[in-house]
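Inspection log for the structure reproduced underneath, given as structure tokens.
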There are 4 protein chains.
Amino acid sequence: MSKTRLNIAMIGSGFIGKVHSNAFRQVSHFFDTPYEVRCQVICGRDRVKLEMAASRWGWSEVETDWQKIITRSDIDAVDIAVPNSLHSAIAIAAAEAGKIVLCEKPLASSLAEAETMAKAAQRTANMVWFNFRRVPAVVFAKQLIRDGRIGKMFHYRALYLNQSGNDPGKANTWRYKRSEAGMGAAGDLLSHSIDLALYLNGSITELSAMTHTFAPGRDVDDATLFMARFANGSIGAFEASRYGVGCQNRNTFELNGSKGMLSFSLDEMNQLDFFDATEPANLQGRRSIAVTGLEHPYGKNFWKPGHVLGYEHPFIATLGDFLHSIAQQEPFHANFEDALAVQRVLHAVEQSSSAGGWVSVDGNSA
Amino acid sequence: MSKTRLNIAMIGSGFIGKVHSNAFRQVSHFFDTPYEVRCQVICGRDRVKLEMAASRWGWSEVETDWQKIITRSDIDAVDIAVPNSLHSAIAIAAAEAGKIVLCEKPLASSLAEAETMAKAAQRTANMVWFNFRRVPAVVFAKQLIRDGRIGKMFHYRALYLNQSGNDPGKANTWRYKRSEAGMGAAGDLLSHSIDLALYLNGSITELSAMTHTFAPGRDVDDATLFMARFANGSIGAFEASRYGVGCQNRNTFELNGSKGMLSFSLDEMNQLDFFDATEPANLQGRRSIAVTGLEHPYGKNFWKPGHVLGYEHPFIATLGDFLHSIAQQEPFHANFEDALAVQRVLHAVEQSSSAGGWVSVDGNSA
Amino acid sequence: MSKTRLNIAMIGSGFIGKVHSNAFRQVSHFFDTPYEVRCQVICGRDRVKLEMAASRWGWSEVETDWQKIITRSDIDAVDIAVPNSLHSAIAIAAAEAGKIVLCEKPLASSLAEAETMAKAAQRTANMVWFNFRRVPAVVFAKQLIRDGRIGKMFHYRALYLNQSGNDPGKANTWRYKRSEAGMGAAGDLLSHSIDLALYLNGSITELSAMTHTFAPGRDVDDATLFMARFANGSIGAFEASRYGVGCQNRNTFELNGSKGMLSFSLDEMNQLDFFDATEPANLQGRRSIAVTGLEHPYGKNFWKPGHVLGYEHPFIATLGDFLHSIAQQEPFHANFEDALAVQRVLHAVEQSSSAGGWVSVDGNSA
Amino acid sequence: MSKTRLNIAMIGSGFIGKVHSNAFRQVSHFFDTPYEVRCQVICGRDRVKLEMAASRWGWSEVETDWQKIITRSDIDAVDIAVPNSLHSAIAIAAAEAGKIVLCEKPLASSLAEAETMAKAAQRTANMVWFNFRRVPAVVFAKQLIRDGRIGKMFHYRALYLNQSGNDPGKANTWRYKRSEAGMGAAGDLLSHSIDLALYLNGSITELSAMTHTFAPGRDVDDATLFMARFANGSIGAFEASRYGVGCQNRNTFELNGSKGMLSFSLDEMNQLDFFDATEPANLQGRRSIAVTGLEHPYGKNFWKPGHVLGYEHPFIATLGDFLHSIAQQEPFHANFEDALAVQRVLHAVEQSSSAGGWVSVDGNSA
């Protein structure tokens, strides 16, 4: 049985482009997919860099004008892996041309852009690379919550800390400029935490936020914190920072509910900690579940129990699930609508931190 | 060389009274002190309970009227271990009678009370049992900060979580009533976190807070969160809750500075985690320092390296240091002034959570 | 109701004497006991040191001739806290004089001594300070095993590592001399591991051991390892060393059985790790049980849930249980017989390491 | 610049064949290699299974007769991924035909076989997939040892535990039959621990071992333990078991030396724990180094700091280094000689466990 060819054009050749390339290369090794995924063309500004990336990852062609890609009839899907401020134009053009659209997070550099993009994307299959949704431990957390194992929710807390901002040698990329990134730690890190919170704990109704910039002259936030009220009655605390010295990529969340607690840390991404408050009192304790079993999410896709996954596997799983959803014409999440919801929260964060009080997530003062 | 006798009267016979009794009994075993500490009289409302406590801990007398104690000339020091709303009257009377005054935290059930108490206490030696200041790991953290090992401070974050509020069988004591406790999780738990923050990271200039009560009909907060700006330019995140299901007594703080990170968790109270960002890059890592060495705070007072301390030892150390300060006529912290500073922050927390925005810690809108 | 007076004489004034003194002082604060424990006389060689200890811990008298103590009719119990080679003479004399005998571990510096001591002790109440048997986590482990929660046992493994031998400044006490200590790491550290193994997993039938001395000229073992077969069909691995650089007092054991695993580490003495292999596969994980609940061993004696114990509390619990057993005329463990069983294993370890093969624990070649 | 084509034939299509396939597919994405690695033919007994594997991983052909592969002139390298008892015939034939030979561990099912294989392999480039040698943390441990950061070595200890043997549903593969596997836990698990020990701590001179089979009727060991003396004067303890209930794939090693300690656990494969005993006493502690930095082994090959690797990456690194060594005509380890050294230790383990005493590793009684 021959597979349908799916020709990919990827725009961008930085670090995240490498991660996407790997996902395109690996997806059919671990997921049953009706598509033959073809790395057709890689597009960017620097031809030398593009040719190196093409050679290494097997992209058939290089291109320096993304608009040419949009008009090519042989391209089925456009993958956007460029700085945030460029997402919007490409995504809208690609969607309008009927291409399948894949976009790095955060969706956009402003709420207005995100709204336009989400509207444009309605006409086509679309997704956003909120990769952490497909860490097996995160999916398993979602299952436990859905199954009522945590009970009525009380608390959600999330941290996302790295130390990039404190390193003058690293803190000079597009990620540190408002014109290209839109936001700093908020867009880069906090957007991940928000997406996971919305996925795991439902919508946020109102929040109170603060942003802070430690580096003189920098025009994006180095750190952003907020307190939140969720629609389900629980309350949340969020903190993201590029000045979390001692933390390279510390992405954690924790939930306390009437029946138990869940804790996750990306540093130990192959495990989920679960406290079951329904056990007999003397046996209650926080257990570390190695989420690599056959019964766990993606347990049959990758290696075998006790054989750990790394950073790239959730990207592969995201792509595997997305291709499946296209073939089956089923909904896929996180899509542009989900990413727009994240953007609404980020927008409220900006509003609140500048106004200094509580803001409802739809934008009105709470 | 005979020692000066120091006759103690303790008011209160609940759990914390037991902890104080232990400190009075143990202090001379571990600290050189010029005083012979005598457990003279234990005072409370329930004579049967008092007699049991006296018999067990060796209090010479029992008394049911605290005012009689104040007027006794043979009593040198009054220790207050009763519900928060009763602190003020006793402390003021004892101070005015020239007694040494020891008081459980939080100092008072309102800022106004605390101010009056602090003023009254100026005439006598006084202290507040903010016991966690004398966990060896905490004192050692303070030393590392003072020595510049953490550098310019960026972030402070603290959690204090237990699950008492979620247990209807436990959540019916005076701690859950505004009239007796003043506050809920804020007074009980958050006051500890605030005191440690002020001790380790200096004063808080402004904050934005939220409180939440999960239990219908309860008139104190079950959970309180706040974001803060410190005078040293760092920012802070605080959360205290009695609905932290899965956590029995989880009291943590963490600091990120330009040169490193410190992390502490009461669950592992004999260790301090230190990340030294000045090490060569390939050797940087979070190290767990067992703070039980001879070179560590109180390392010569208790057992020997690798032999861990428990919950009660910081109380003993607090008392040991306090007695030393009295004998040497040296300042002691935490005293009533320090506890008043905590109360100012708690007051700002209350103001902010009811007004919904930023509040400066002296009480004016920021 | 007045209590029976129990006059104690303690022989020894070193570190462990301090620990015992504390237990005598504290036992009635945490345990209901029919005795009024009196610290009557502390005995040793150095009068100045004795007087300091007496003053600090409240021993009424000092004495430099232990034999005078044995003949005093007002002494009810003799506590032995001197170097190993001195245990035997004192214990036998005290037992023959009808005194209650308490003895530090290891019981003796040779099997022959231990046998004589155990025989002599049959006529009186006796105990050995194998303190780790009364760490709450250890008692709880025993309960879980007894309740069948671990199933048929497969593996037992124990480590006891410190770094004292590697420090020339510390490694010159009696503990490093055969004439006074009998053995090195084996008597000091391994004896603890063996006692816990016998307590938790039953008797050892045969073993193969090695000893090693790293320091030139030292006449005791710096490290001892052995492999063992237990009567219950499980197999064991033991290692004790004073050259475990990086470990101050690392005392761990672990059991794997058909239904689960237990792990304990003294560095985290307030928790027991339990893996329940009878849970659904996707929920299996190693859980850390904070063994400080009311339902846990000694949970009602000391503080409250989540309030941790330290090094000295198991000594207090040992004494509390021993006094109870005397009053109730019930058996107590670890007694001299139990300590003799440990000594038999140590003897087999010595035999095996010198002969180089398997040895049955009763001393015959396996 | 076009690359030299390297046509691979892989024999075997089980789990480890999947892991090798992945390495062949991924190596050029992460390593600069002068070869164009071609997955030419996959060989095994079951054509249906082969075709599925070929389709998934892109093997151009399938073949059921391995001997045909040996004679094909277009095959440059033969990769052996079949049960242990089949390694020898294939490896020798491939080596004699001048093929590059890659072989799964353990090298053989007996020492005699291994010796013949190592001799035959002298004529060609060869390697053995001792994958754990290329876990970044392991390579970094080797660097620290080589740089003298651990000092004179005292102790080595290793565990490799899984729970496969306790599961009747899983314990019926070739791995549980002497005729196909040669050994049980010893060949499967302990061989890894031995290889790492020889790599990190040098040769073992003598050992005393025990093996045990828990399952009635099984003819291989379920658990194997041994004590060892290393040529460098340190002593070692090893334990491998398939009855380590609670452990899915727990592979740990630990070294104590005069200057510090190293600890590794595969469950946290992206970190190495280091205790530096040359630090000031009050700052000493076990630090967890996230071995994902640019300065760490393979830090520039894969993702970026703080972005963790998984189970398969060390296989990719092994292949990347091996290809580099072929191109540069440099020595590569682990090769057949290294694997033969492991086999000599395994042979001594078998001898000792049947004879019951110490055995020198060359096979004579010690």
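The values are calculated or read from the model by the stated rules, or taken from the named source; none is laboratory data. Since this is a predicted model, take the numbers as computed values, not measurements. When we count neighbours, we look across all protein chains shown, and the Cβ atoms used for this are built from the backbone with ideal geometry, even at glycine.
Listing for the model above:
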| read-out | value |
| --- | --- |
| Complete set of residues in the stretch A:295-335 that are aromatic (Phe, Trp, Tyr) and either touching a Lys or Arg at 6+ places or on another chain (Cβ under 9 Å) or under 14 Å from A:Val135 (Cα atoms) (or both) | A:Tyr298, A:Phe302, A:Trp303, A:Tyr311, A:Phe315 |
| Pairs, first crowded, with 18+ Cβ neighbours inside 10 Å in the stretch C:275-304, second part of a loop (DSSP other than H, G, I, E, B) and among the basic types (Lys, Arg), C-beta under 6 Å, six or more apart | C:Ala277/C:Lys259 |
| Flag for D:Ser191 being within 13 Å of chain C (Cβ to nearest Cβ), hydroxyl-bearing (Ser, Thr, Tyr) and either under 28 Å from D:His87 (Cβ atoms) or touching a Leu at 6+ places or on another chain (Cβ under 7 Å) (or both) | no |
| Residue, surrounded by the most Cβ atoms within 10 Å (Cβ to Cβ), within the stretch A:232-251, restricted to residues that are among the polar types (S, T, N, Q) and away from chain D (no Cβ under 11 Å) | A:Ser241 |
| Yes/no for D:Asp219 being away from chain C (no Cβ under 13 Å), of a type in the set (D, E, K, R) and under 22 Å from D:Ala334 (Cβ atoms) | no |
| Some residue of the stretch A:288-298 being of a type in the set (D, E, K, R) and either over 26 Å from D:Gln163 (Cβ atoms) or modelled with pLDDT under 95 (or both) | no |
| Selection within the stretch D:3-33 - free of Cβ contacts under 8 Å to residues at least 12 places away in the same chain and of a type in the set (S, T, N, Q) | D:Ser28 |
| Options D:Leu262, D:Leu272: the member that is facing chain C (nearest Cβ under 10 Å), part of a strand (DSSP E or B), touching a residue at least 40 places away in the same chain (Cβ under 8 Å) and under 30 Å from C:Gln284 (Cβ atoms) | D:Leu262 |
| Residues satisfying the stated conditions in the stretch D:57-93, i.e. in contact with a Ser or Thr (Cβ under 7 Å, 6 or more places away or on another chain) and either farther than 24 Å from D:Thr124 by Cα or touching a residue at least 60 places away in the same chain (Cβ under 8 Å) (or both) | D:Trp57, D:Asn84, D:Ser85 |
| Residue satisfying condition, being closer than 16 Å to A:Pro106 by Cβ, away from chain D (no Cβ under 11 Å) and not polar (S, T, N, Q), within set A:Ala317, A:Ala341 | A:Ala341 |
| Top-ranked residue in the stretch C:275-303 [being facing another protein chain (nearest Cβ under 7 Å) and basic (Lys, Arg); ranked as farthest from B:Glu268 (Cα to Cα)] | C:Arg286 |
| Residue match in the stretch D:34-50 (condition: in a strand (DSSP E or B) and over 24 Å from the mean Cα position of the chain (by Cα)) | yes |
| Residue list for the stretch C:261-286, restricted to those being aromatic (Phe, Trp, Tyr) and within 19 Å of the chain's Cα centre (by Cα) | C:Phe264 |
| Hits in the stretch B:14-32 - residues which are under 22 Å from the mean Cα position of the chain (by Cα), within 18 Å of B:Asp321 (Cβ to Cβ) and not charged (D, E, K, R) | B:Val19, B:His20, B:Asn22, B:Ala23, B:Phe24, B:Gln26, B:Val27, B:Ser28, B:Phe30, B:Phe31 |
| Residue in the stretch A:322-333 that is closer than 29 Å to D:Met269 by Cβ and surrounded by 20 or more Cβ atoms within 10 Å (Cβ to Cβ) present | yes |
| Count - residues of the stretch D:34-55 that are free of Cβ contacts under 8 Å to residues at least 24 places away in the same chain, within 14 Å of another protein chain (Cβ to nearest Cβ) and farther than 19 Å from D:Arg5 by Cβ | 3 |
| Boolean, D:Ile8 is in a helix (DSSP H, G or I) and either modelled with pLDDT under 95 or over 21 Å from A:Ala23 (Cα atoms) (or both) | no |
| Selection count, the stretch B:147-185, where residues are in contact with a helix residue (DSSP H, G or I) (Cβ under 6 Å, 6 or more places away or on another chain) and either more than 14 Å from every other protein chain (Cβ to nearest Cβ) or farther than 28 Å from B:Ile235 by Cβ (or both) | 7 |
| Residue that is nearest to C:Gly357 (Cα to Cα) [pool: residues in the stretch D:238-259 that are of a type in the set (S, T, N, Q) and part of a loop (DSSP other than H, G, I, E, B)] | D:Ser258 |
| Any hit, the stretch B:18-29, residues being within 14 Å of chain C (Cβ to nearest Cβ), in a helix (DSSP H, G or I), within 17 Å of B:Lys105 (Cα to Cα) and of a type in the set (D, E, K, R) | yes |
| Filtered residues of the stretch C:338-356 (kept if surrounded by fewer than 24 Cβ atoms within 10 Å (Cβ to Cβ) and farther than 16 Å from C:Ala112 by Cβ) | C:Asp338, C:Ser353, C:Ser354, C:Ala355, C:Gly356 |
| Strands (runs of 3 or more DSSP E) fully within the stretch A:140-237 counting 2 or more residues that are free of Cβ contacts under 8 Å to residues at least 24 places away in the same chain and of a type outside the set (Asp, Glu) | A:223-230 |
| Yes/no for C:Leu107 being over 20 Å from C:Gly14 (Cβ atoms), in contact with a Leu (Cβ under 8 Å, 6 or more places away or on another chain) and either of a type in the set (A, V, I, L, M, F, W, C) or surrounded by 17 or more Cβ atoms within 10 Å (Cβ to Cβ) (or both) | no |
